[in-house]
Structures are given as structure tokens and as C-alpha cells.
Amino acid sequence: MGSMDRDVLTIGQAAATFGLPVSTLRWWEREGLVQPLSGAGGRRAYGPHELRRIALIQLFRQTGMMSLDDVRNVFSGTTNTHDWRDTVTSRIAVIDRQRARLDSARRYLTHLLICENDDPTRCHLMDRDIAAHTSWPPGDRDETSRDETVDDDTCEVCGLPVVRPATGRPRRYCSHACRQRAYRRRDSS
């Protein structure tokens, strides 16, 4: 393809440029996502427009976590059943739900590292996540959690929820470890 423009790549060159197998570009062509030019001898060639489409497909698939059907909807502008913006909006909603789950998991896993209880079955700060993500406890809480309630306050040190006792003085820290960290900070300043 020596006579072709320098902005046009063969299928092998395009695949190598994007770190893709040639079979992926052939699949995307069969799916109608890219349409290579006919080069010399009927060989596939990709011009600047198709190379940009390949880059966008790769971006949407890897970073946007979109299916090929979603990519097709975005490229088509509109479909019979919904607008491409609906596809993007629904993908954002899925990502937001995934992000909330990851944030929740990170929060309680981080708490486990600093919890004053080495036994996670005795950590009362896990009650909210247990209730939110499982069907347990079915009715009443066990005796240790009945005398404490979870408030919307957050720990001044780590930002995790603070368990408030049903009676007595309100707590400012989620654990003994965070209380110690706060004291050390005050002593060092």
C-alpha cells in the first residue's frame, strides 16, 4: 500500500496502532461500527475518520464501559426506539450505582483497618452496611446493638458514621483509634 496516503492505514497497521487484534477490527466491521476503505487489491484501509471511530470505540468500551450495542446507538445518532443520549444517560446511571457500591465497600473496608475491635462481628459500625446489603437481622438486633443507634454524624478524623449510644454523652469519633489520632494531632500542634 505504498501509494496510499500517509493518513491511511492498513488493517494490520490500524490494529497495531490501537493495540487490538486484527480480528477485533474485522468484528467491528461486521457489526457496522467501522467501514474501511477498499485499498489496492481489495485490502482494508482506514482513513482519518475511521481511525477516529476506532479510537472512540476503544474509549467507549474501556473507559465508558459501554457495550457494542451502546456504541452503535451513540454512533447512529438516533435509533428506532431511543435517542443516543438515553443510552449515555443510562450508562451514567449504571456507573453511578457501581460507584456508590465501591464507595460503600471502600468505607467499611477502610474502617475494618482502624476499628478498635479486632473481631468484625463485634463492630457496631458495620450494622448499617449489614442491614443495607443483606436480609439480616430479620427482626430485633442483638443485645449489643439495641442500646446504640447510628446517627448521621461522621467521625471528625476519618469521616465514617459515628455510632451514638442511646443514653449518655454523644460521641465525636467512630472508634477509640480515631479518638487517639485526634488527641495526637492536637498534641503535635
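What the table shows:
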| quantity | calculated |
| --- | --- |
| Given (1) over 27 Å from Leu160 (Cβ atoms); (2) touching a Phe, Trp or Tyr at 6+ places or on another chain (Cβ under 7 Å); (3) surrounded by 13 or more Cβ atoms within 10 Å (Cβ to Cβ), index of the condition Trp84 fails | (2) |
| Residue within region 45-62 that is touching an Asp or Glu at 6+ places or on another chain (Cβ under 8 Å), part of a loop (DSSP other than H, G, I, E, B) and closer than 26 Å to Thr17 by Cβ present | yes |
| Pair list, Cβ under 8 Å, 6 or more apart: region 20-41 residue farther than 17 Å from Arg72 by Cβ, other residue part of a loop (DSSP other than H, G, I, E, B) | Leu37/Val8; Leu37/Gly47; Gly39/Met1; Gly39/Met4; Gly39/Val8; Ala40/Met1; Ala40/Ser3; Ala40/Met4 |
| Leading residue by the ranking (modelled with the highest pLDDT) among those in region 131-189 that are assigned to a helix (DSSP H, G or I) and polar (S, T, N, Q) | Gln180 |
| Failed item in (1) crowded, with 16+ Cβ neighbours inside 10 Å; (2) without any contact (Cβ under 8 Å) to a residue 12 or more places away in the chain, with Tyr108 passing the rest | (2) |
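Listed here are the residues, each with its yes/no results for (1) farther than 30 Å from Gln98 by Cβ; (2) of a type in the set (Gly, Ala, Ser).
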{"position": "Ile11", "(1), (2)": "yes, no"}
{"position": "Ser38", "(1), (2)": "yes, yes"}
{"position": "Thr63", "(1), (2)": "no, no"}
{"position": "Met66", "(1), (2)": "no, no"}
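The values are calculated or read from the model by the stated rules, or taken from the named source; none is laboratory data. Computed from a predicted model, the values in this text were never measured in an experiment. Positions of Cβ are generated from backbone atoms using ideal geometry, with glycine treated the same way; all protein chains shown enter the neighbour counts.
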